[in-house]
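The values are calculated or read from the model by the stated rules, or taken from the named source; none is laboratory data. Owing to the predicted nature of the structure, the values given are computational and were not obtained by experimental measurement. Every residue, glycine among them, receives a Cβ derived from its backbone with ideal geometry; neighbour counts consider all protein chains shown. The accessibility values were calculated without ligands, DNA or RNA, using every heavy atom of the protein model including side chains. Shrake-Rupley method; radii C 1.70, N 1.55, O 1.52, S 1.80 Å.
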Amino acid sequence: YLKKMEGSELLTSKWELEELDDAGKPKRVFSITEKGRSCLSNWAAALTDYENYIHQLVDMIRELN
């Protein structure tokens, strides 16, 4: 998924040759781009909308009881 996100310009990556992982290999470090931040912000707004719809649905169900 990270490579796909990088291909969509949501992330960038670089190899940290001085930083090694547990296996002694260089680490690949990912950073979010401005496009990625915008996408993340839009996704957060969509999730907030879903949350509100779910609360409304739960309230309507409770009123039936």
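Among the conditions (1) under 16 Å from the mean Cα position of the chain (by Cα); (2) modelled with pLDDT under 95, G7 misses just one, which is (2). Scanning the range 9-42 for residues being out of contact with any strand residue (DSSP E or B) (no Cβ under 9 Å at 6 or more places or on another chain) and without any contact (Cβ under 8 Å) to a residue 24 or more places away in the chain gives a total of 9. Residues in the range 1-58 that are out of contact with any helix residue (DSSP H, G or I) (no Cβ under 9 Å at 6 or more places or on another chain), open to solvent by 80 Å² or more (accessible area, probe 1.4 Å) and assigned to a strand (DSSP E or B): K14, W15, L17, E18, E19, L20, K27.
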